[in-house]
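The values are calculated or read from the model by the stated rules, or taken from the named source; none is laboratory data. Since this is a predicted model, take the numbers as computed values, not measurements. Ideal geometry is used to build each Cβ from the backbone, glycine not excepted, and the neighbour counts take in all protein chains shown. Surface areas here come from the heavy atoms of the whole protein model, side chains and all, with no ligands, DNA or RNA. Shrake-Rupley method; radii C 1.70, N 1.55, O 1.52, S 1.80 Å.
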Amino acid sequence: MNAASFYGQAPKHLVAVDCIIFGFDEGKLKLLVMKRKLAPMAGEWSLVGGFVQAEESTDDAAARVLKLTTGLEDIYMDQLHCYGEVNRDTGARVISVAYYALIRIKDHDRPLAQEHGAHWLELHEIPTLIFDHNRMINDALVQLRNNAHFHPIGFELLPEKFTLSQLRSLYEEIYQKTLDKRNFRKKILSLDVMEKLEEKDKTSSKKGAHLYRFDPARYEVLMRKGLVFEI
(Lines give C-alpha, C1' and ligand atoms only; values in the text may rest on other atoms or scores of the structure.)
Protein backbone atom coordinates (compact mmCIF):
# COMPACT_ATOMS: atom_id res chain seq x y z
CA MET A 1 0.00 0.00 0.00
CA ASN A 2 1.42 3.39 -0.98
CA ALA A 3 1.32 6.46 1.25
CA ALA A 4 -1.61 8.04 -0.62
CA SER A 5 -3.75 4.95 -0.15
CA PHE A 6 -2.69 4.58 3.48
CA TYR A 7 -3.66 8.13 4.40
CA GLY A 8 -6.67 8.13 2.11
CA GLN A 9 -8.22 5.15 3.84
CA ALA A 10 -7.61 6.49 7.35
CA PRO A 11 -10.66 7.81 9.24
CA LYS A 12 -11.09 11.58 9.23
CA HIS A 13 -11.70 13.53 12.44
CA LEU A 14 -12.14 17.20 13.29
CA VAL A 15 -9.59 18.81 15.62
CA ALA A 16 -10.55 21.74 17.84
CA VAL A 17 -8.92 23.87 20.51
CA ASP A 18 -10.75 24.95 23.67
CA CYS A 19 -9.33 27.72 25.84
CA ILE A 20 -9.76 28.02 29.59
CA ILE A 21 -9.03 31.74 30.08
CA PHE A 22 -8.38 32.85 33.64
CA GLY A 23 -8.32 36.43 34.87
CA PHE A 24 -8.09 38.11 38.29
CA ASP A 25 -10.26 41.10 39.12
CA GLU A 26 -11.49 42.72 42.34
CA GLY A 27 -9.85 40.00 44.41
CA LYS A 28 -11.54 37.15 42.53
CA LEU A 29 -10.26 34.55 40.09
CA LYS A 30 -12.54 34.61 37.05
CA LEU A 31 -13.10 32.59 33.90
CA LEU A 32 -14.10 33.79 30.44
CA VAL A 33 -17.05 31.81 29.05
CA MET A 34 -19.47 32.47 26.25
CA LYS A 35 -22.93 31.62 24.95
CA ARG A 36 -22.58 29.20 22.04
CA LYS A 37 -23.99 30.63 18.80
CA LEU A 38 -24.08 27.48 16.67
CA ALA A 39 -25.97 24.20 16.79
CA PRO A 40 -25.78 21.80 18.43
CA MET A 41 -26.50 23.30 21.84
CA ALA A 42 -26.81 26.88 20.60
CA GLY A 43 -27.43 29.29 23.46
CA GLU A 44 -25.69 27.11 26.05
CA TRP A 45 -22.61 28.15 28.00
CA SER A 46 -19.28 27.14 26.49
CA LEU A 47 -15.56 27.70 26.69
CA VAL A 48 -13.94 29.85 24.03
CA GLY A 49 -12.74 27.66 21.17
CA GLY A 50 -12.65 26.84 17.49
CA PHE A 51 -11.44 24.37 14.88
CA VAL A 52 -7.79 24.02 13.92
CA GLN A 53 -7.30 25.24 10.35
CA ALA A 54 -5.30 23.30 7.75
CA GLU A 55 -2.30 25.65 7.94
CA GLU A 56 -2.21 25.91 11.74
CA SER A 57 -0.59 24.07 14.60
CA THR A 58 -2.77 23.64 17.66
CA ASP A 59 -0.67 26.30 19.43
CA ASP A 60 -1.32 28.73 16.57
CA ALA A 61 -5.02 27.94 16.62
CA ALA A 62 -5.27 28.59 20.37
CA ALA A 63 -3.35 31.88 20.00
CA ARG A 64 -5.72 32.92 17.18
CA VAL A 65 -8.81 32.10 19.24
CA LEU A 66 -7.44 34.06 22.21
CA LYS A 67 -6.64 37.11 20.09
CA LEU A 68 -10.01 36.94 18.34
CA THR A 69 -11.83 36.96 21.67
CA THR A 70 -9.63 39.19 23.86
CA GLY A 71 -7.53 41.21 21.44
CA LEU A 72 -4.38 40.07 23.26
CA GLU A 73 -1.22 38.46 21.93
CA ASP A 74 1.88 36.97 23.58
CA ILE A 75 0.09 36.03 26.79
CA TYR A 76 0.79 33.10 29.09
CA MET A 77 -0.69 29.96 27.59
CA ASP A 78 -0.03 26.30 28.36
CA GLN A 79 -1.35 23.15 26.70
CA LEU A 80 -3.49 21.26 29.17
CA HIS A 81 -4.72 17.96 27.75
CA CYS A 82 -6.18 16.24 24.72
CA TYR A 83 -9.83 15.21 25.04
CA GLY A 84 -10.82 12.47 22.63
CA GLU A 85 -13.81 10.56 23.96
CA VAL A 86 -15.73 9.21 21.00
CA ASN A 87 -19.05 10.89 21.82
CA ARG A 88 -17.77 14.00 23.60
CA ASP A 89 -19.22 16.34 20.93
CA THR A 90 -22.80 15.68 19.83
CA GLY A 91 -22.23 17.36 16.47
CA ALA A 92 -19.41 15.22 15.05
CA ARG A 93 -16.30 13.25 15.96
CA VAL A 94 -14.15 16.04 17.38
CA ILE A 95 -10.85 15.73 19.20
CA SER A 96 -10.14 18.79 21.34
CA VAL A 97 -6.77 20.05 22.54
CA ALA A 98 -7.33 22.27 25.57
CA TYR A 99 -5.17 25.20 26.64
CA TYR A 100 -5.34 27.39 29.69
CA ALA A 101 -4.33 31.03 29.55
CA LEU A 102 -3.69 33.74 32.14
CA ILE A 103 -4.49 37.34 31.26
CA ARG A 104 -4.78 40.69 32.97
CA ILE A 105 -8.48 41.46 32.67
CA LYS A 106 -7.92 45.22 32.42
CA ASP A 107 -5.68 44.69 29.38
CA HIS A 108 -8.18 42.78 27.27
CA ASP A 109 -10.55 44.29 24.74
CA ARG A 110 -13.82 44.17 26.67
CA PRO A 111 -16.07 45.34 23.78
CA LEU A 112 -14.48 42.67 21.55
CA ALA A 113 -15.16 39.98 24.14
CA GLN A 114 -18.75 41.17 24.53
CA GLU A 115 -19.15 41.17 20.74
CA HIS A 116 -18.39 37.45 20.84
CA GLY A 117 -20.85 36.91 23.68
CA ALA A 118 -18.10 36.30 26.24
CA HIS A 119 -18.57 36.98 29.96
CA TRP A 120 -16.29 36.91 33.01
CA LEU A 121 -17.68 34.72 35.79
CA GLU A 122 -16.28 33.91 39.22
CA LEU A 123 -15.47 30.26 39.84
CA HIS A 124 -18.55 29.68 42.00
CA GLU A 125 -20.73 31.18 39.24
CA ILE A 126 -19.65 28.74 36.52
CA PRO A 127 -22.79 26.98 35.21
CA THR A 128 -23.04 23.63 33.48
CA LEU A 129 -21.19 24.00 30.18
CA ILE A 130 -21.54 22.02 26.94
CA PHE A 131 -19.84 18.72 26.26
CA ASP A 132 -16.87 18.06 28.60
CA HIS A 133 -16.01 21.72 29.19
CA ASN A 134 -16.59 21.58 32.96
CA ARG A 135 -14.11 18.72 33.13
CA MET A 136 -11.63 20.87 31.24
CA ILE A 137 -12.09 23.68 33.76
CA ASN A 138 -11.52 21.34 36.70
CA ASP A 139 -8.40 19.92 35.06
CA ALA A 140 -7.13 23.44 34.33
CA LEU A 141 -7.60 24.50 37.95
CA VAL A 142 -5.55 21.52 39.13
CA GLN A 143 -2.82 22.36 36.62
CA LEU A 144 -2.92 26.05 37.55
CA ARG A 145 -2.49 25.23 41.24
CA ASN A 146 0.36 22.82 40.56
CA ASN A 147 2.20 25.30 38.35
CA ALA A 148 1.58 28.29 40.62
CA HIS A 149 3.08 26.36 43.52
CA PHE A 150 6.50 26.09 41.87
CA HIS A 151 6.53 28.77 39.15
CA PRO A 152 5.82 32.53 39.27
CA ILE A 153 2.93 32.34 36.83
CA GLY A 154 0.59 34.08 39.26
CA PHE A 155 2.19 37.40 38.36
CA GLU A 156 0.68 37.02 34.87
CA LEU A 157 -2.73 37.73 36.41
CA LEU A 158 -1.72 40.85 38.34
CA PRO A 159 -1.15 44.40 37.10
CA GLU A 160 2.51 45.37 36.69
CA LYS A 161 2.42 47.08 40.10
CA PHE A 162 0.65 45.38 42.99
CA THR A 163 0.51 45.20 46.77
CA LEU A 164 1.39 42.19 48.87
CA SER A 165 -2.26 42.05 49.90
CA GLN A 166 -3.31 41.75 46.26
CA LEU A 167 -0.72 39.04 45.70
CA ARG A 168 -1.91 37.08 48.73
CA SER A 169 -5.54 37.42 47.61
CA LEU A 170 -4.58 36.01 44.23
CA TYR A 171 -2.96 32.91 45.71
CA GLU A 172 -5.88 32.46 48.08
CA GLU A 173 -8.16 32.41 45.05
CA ILE A 174 -5.91 29.99 43.17
CA TYR A 175 -5.68 27.60 46.12
CA GLN A 176 -9.22 28.33 47.35
CA LYS A 177 -8.09 28.66 50.95
CA THR A 178 -7.06 31.37 53.40
CA LEU A 179 -3.31 31.99 53.74
CA ASP A 180 -1.72 33.35 56.92
CA LYS A 181 -0.86 36.98 56.23
CA ARG A 182 2.42 37.04 58.17
CA ASN A 183 3.72 33.72 56.87
CA PHE A 184 2.86 34.59 53.28
CA ARG A 185 4.64 37.95 53.52
CA LYS A 186 7.73 36.33 55.01
CA LYS A 187 7.78 33.60 52.39
CA ILE A 188 7.27 35.76 49.32
CA LEU A 189 9.78 38.39 50.40
CA SER A 190 12.38 35.72 51.18
CA LEU A 191 12.29 34.64 47.51
CA ASP A 192 13.71 38.07 46.58
CA VAL A 193 12.10 38.12 43.11
CA MET A 194 10.19 41.40 43.50
CA GLU A 195 11.21 45.03 43.43
CA LYS A 196 9.78 47.22 46.19
CA LEU A 197 8.69 50.57 44.74
CA GLU A 198 8.51 53.99 46.35
CA GLU A 199 4.91 54.30 45.21
CA LYS A 200 2.02 53.37 47.47
CA ASP A 201 -1.55 52.27 46.94
CA LYS A 202 -3.73 54.52 49.10
CA THR A 203 -7.11 53.27 47.95
CA SER A 204 -7.79 51.46 51.24
CA SER A 205 -5.95 53.65 53.77
CA LYS A 206 -4.30 57.06 54.14
CA LYS A 207 -0.98 55.44 55.06
CA GLY A 208 -1.09 53.29 51.98
CA ALA A 209 0.58 50.01 51.09
CA HIS A 210 3.84 49.76 49.19
CA LEU A 211 3.63 48.63 45.60
CA TYR A 212 5.85 45.86 44.25
CA ARG A 213 6.86 44.69 40.80
CA PHE A 214 7.93 41.21 39.75
CA ASP A 215 11.52 41.15 38.44
CA PRO A 216 11.71 38.38 35.79
CA ALA A 217 15.40 39.04 35.06
CA ARG A 218 16.34 38.60 38.72
CA TYR A 219 14.17 35.50 38.91
CA GLU A 220 16.06 33.94 36.00
CA VAL A 221 19.42 34.73 37.63
CA LEU A 222 18.32 33.23 40.94
CA MET A 223 16.90 30.17 39.18
CA ARG A 224 20.29 29.53 37.58
CA LYS A 225 21.80 29.75 41.05
CA GLY A 226 19.42 27.11 42.38
CA LEU A 227 16.43 29.09 43.68
CA VAL A 228 13.42 26.91 44.43
CA PHE A 229 10.31 29.00 43.86
CA GLU A 230 7.60 27.60 46.10
CA ILE A 231 4.48 29.25 47.49
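Data overview
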item	result
Beta bridges per DSSP with both ends in the chain, % antiparallel, nearest 5	75 percent
Calculated FRET efficiency for the pair Asn138/Lys177, C-beta based, R₀ 25 Å, to 0.05	0.90
Bridge type composition, segment 1-98 - antiparallel percent by DSSP, nearest 5	75 percent
Rg(Cα)/(2.2 N^0.38 Å) for segment 1-122, N = residue count	1.19
Euclidean distance between Cα centres, segment 146-206 to segment 1-75, Å	31 Å
Selection from Leu158, Leu112, Ala140 lying farthest towards where the dipole of the chain points positive, charges on Cβ	Leu158
Lys106-Ala92 pseudo-label distance in nm [points 7 Å out on the Cα-to-Cβ vector]	4.2 nm
Virtual spin-label span in nm between Asp215 and Glu199, 7 Å along Cα→Cβ	1.8 nm
Charge context of Leu227, other residues only, Cβ under 10 angstrom, K/R +1, D/E -1	0
Label-point separation in nm, Lys67 to Asp192, each point 7 Å along Cα→Cβ	4.0 nm
Which label in (1) 71, 42, 28; (2) 57, 47, 39; (3) 79, 38, 23 gives the computed Cα extents along the principal axes in Å	(1)
Residue with peak Gaussian network fluctuation, the chain [Cα springs, cutoff 10 Å], from Tyr100, Tyr76, Tyr171	Tyr76
Carbon plus sulfur fraction of accessible area for segment 176-228, probe 1.4 Å, in percent	49 percent
Kirkwood-based shape ratio for segment 47-116, expressed as Rg/Rh from alpha carbons	0.99
His119-Ser5 FRET efficiency (beta carbon distance; Förster radius 35 Å; 0.05 resolution)	0.15
Most mobile listed residue (Asn87, Asn146, Asn183) in the chain, GNM with C-alpha springs under 10 Å	Asn183
Residue of Lys35, Lys106, Lys12 that the Gaussian network model of the chain assigns the largest fluctuation, springs spanning Cα pairs under 10 Å	Lys12
Convex hull volume per residue in cubic angstrom - Cα atoms of segment 103-203	138 Å³
Hypothetical label at Ser57: residues of segment 85-105 whose amide nitrogen lies under 19 Å (7 Å Cα-Cβ projection)	96-102
Rel. contact order, % - alpha carbon contacts under 8 angstrom, at least six apart, the chain	20 percent
Between 0 and 90°, nearest 10: helix 181-190 axis offset from the chain longest Cα axis	80 degrees
Given charges at beta-carbon only (K, R positive; D, E negative), |dipole| of segment 32-174 in Debye	300 debye
